[in-house]
Amino acid sequence: MSSSSPSCILVIGATGNTGSSVVKHLSDLVTLLPSTTDQPRHIIALTRNAKKPTATELSKLDHVEVQELDLSSIDSSWLIAKNVVRVYVATPNQTSQFVDESQFLLVCKEAKTIQYLVKLSTNPHFITADHPIYYGRIHWALERMLEEKEFKEQVNWTILRANVFATGILSPSIEMWKKDKNKPMALLLDEHSPLALVHPADVGAVAAKLLSLTDPSPHFHKTYTISGPEDVTGKDIVSYVEEIVKKKIDVEYKNENVFKTVMEADKYPENVWKSMEKGHKKNLWTGQSRLANTKTSDEVIKLAAPHSTVKQTIQHALQGYLSF
Ligand SMILES: NC(=O)c1ccc[n+]([C@@H]2O[C@H](COP(=O)([O-])OP(=O)(O)OC[C@H]3O[C@@H](n4cnc5c(N)ncnc54)[C@H](OP(=O)(O)O)[C@@H]3O)[C@@H](O)[C@H]2O)c1
């Protein structure tokens, strides 16, 4: 079966933390491609709700078509009909993540038309068969699948292992604190343990760069680590907040309630957030994910070095709340 559609890059998770950045960067990058190359210039941004604000914003970008579809509805015929040749895949850490993403990887293999796939994985320290955090084991299993010959011989891929997202760690704390500034800020981080938090937009920039390369083959079957540009501690974060709001604040370090509240609100089962508690103790509060232990791969530095600082993330999160 062949397609009359222009060849395209499919972005799974397009409205999410990294996917929205992938789409924005790709929109710019494909515009710059020389007219002589036959690589894809069309971008399909997948969402389950094309009316949501992020999807509407993406639909205004050059070369971007927003497609409303559930990931589970995609089969190999759809990929072939849409002439999808390159793919970005970032699926949320729901309990169904392994089923959803492994099914999609199977579909890509069956289509036999996918020339290149970039998969977002998680923190390199979480990728073990026995990691306490449930999604560490999910990504471990997904990565193992791609490494097996059934996939490796048919799908060219790059795996991006990203350090903890700055927005994911800080936004819930800041949002809760903004609602009641007289309460101490509840921070999940330890006061003194360093951590190289990365902004998800910087992860998206790396993926977009890979997916727009005329010849991505040097990156086939490689796994790269992406950390932020600097280590920060809980104490650093508090000092950035204090600098921005121009007053001293009370803080509770290693406070897991804020995170637990978010997970309970999203109806994650108890064993899921309990698995994360164990993981935090092993990772966030020991300095395990500091730069020296979680070095950004040289290839990533060459492609699109992560540059967003945690201070910039906090400034953004506190915009409009500076009337103290
Ligand atoms: N948070 C961290 O600190 C961190 C660090 C490193 C790596 N990661 C990894 O990042 C990955 C998630 O990437 P992300 O944060 O960029 O994504 P995300 O923001 O969690 O979600 C991406 C998008 O997936 C879409 N989606 C959900 N279910 C779908 C379905 N059934 N069909 C189609 N689309 C669906 C949603 O969009 P719609 O609602 O528009 O459909 C959502 O906006 C995870 O695997 C995680 O392990 C996270």
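Worth pointing out:
- Of the residues V272, V241, the single one that is closer than 30 Å to W157 by Cβ and either out of contact with any helix residue (DSSP H, G or I) (no Cβ under 9 Å at 6 or more places or on another chain) or not basic (K, R) (or both) is V272.
- The single residue among K248, K235 that is more than 30 Å from I114 (Cα to Cα), free of Cβ contacts under 8 Å to residues at least 60 places away in the same chain, open to solvent by 30 Å² or more (accessible area, probe 1.4 Å) and in contact with a helix residue (DSSP H, G or I) (Cβ under 9 Å, 6 or more places away or on another chain) turns out to be K248.
- Given (1) within 16 Å of the ligand (Cβ to nearest atom); (2) touching a helix residue (DSSP H, G or I) at 6+ places or on another chain (Cβ under 7 Å), index of the condition I80 fails: (1)
Matching residues to (1) part of a helix (DSSP H, G or I); (2) touching a residue at least 60 places away in the same chain (Cβ under 8 Å); (3) not assigned by TED's automatic domain parsing to the domain that holds H221:
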site	(1), (2), (3)
T91	no, yes, no
E101	yes, no, no
F104	yes, yes, no
I114	no, no, no
K119	no, no, no
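- Residue in the stretch 14-35 that is in the same structural domain as R144 (by TED's automatic domain parsing), closer than 30 Å to W273 by Cβ, of a type outside the set (A, V, I, L, M) and more than 10 Å from the ligand (Cβ to nearest atom) present: no
- Selection of the stretch 38-72 for residues being open to solvent by 70 Å² or more (accessible area, probe 1.4 Å), in a helix (DSSP H, G or I) and near the ligand (Cβ under 8 Å from one of its atoms) yields only S72.
- Pairs where the first residue, in the stretch 159-170, is at pLDDT below 95 and the second is near the ligand (Cβ under 8 Å from one of its atoms) and small (G, A, S), C-beta under 6 Å, 6+ apart: none
- Those helices (runs of 4 or more DSSP H) lying entirely in the stretch 136-247 with at least 1 residues within 16 Å of the ligand (Cβ to nearest atom): 166-179, 200-211, 234-245
- Residue pairs whose Cβ atoms lie under 7 Å apart, sitting 6 or more positions apart in sequence or on different chains, and linking a residue in the stretch 69-82 that is of a type in the set (D, E) to a partner that is within 7 Å of the ligand (Cβ to nearest atom), are D70/R48.
- Residue in the stretch 124-143 that is open to solvent by less than 30 Å² (accessible area, probe 1.4 Å) and of a type in the set (S, T, N, Q) present: no
- Residue check for E110: among the acidic types (D, E), more than 10 Å from the ligand (Cβ to nearest atom) and in a helix (DSSP H, G or I): yes
The values are calculated or read from the model by the stated rules, or taken from the named source; none is laboratory data. Keep in mind the model is a prediction, meaning the values are calculated, not measured. No Cβ is skipped: glycine too gets one built from the backbone with ideal geometry, and neighbour counts run over all protein chains shown. Surface areas here come from the heavy atoms of the whole protein model, side chains and all, with no ligands, DNA or RNA. Shrake-Rupley method; radii C 1.70, N 1.55, O 1.52, S 1.80 Å.
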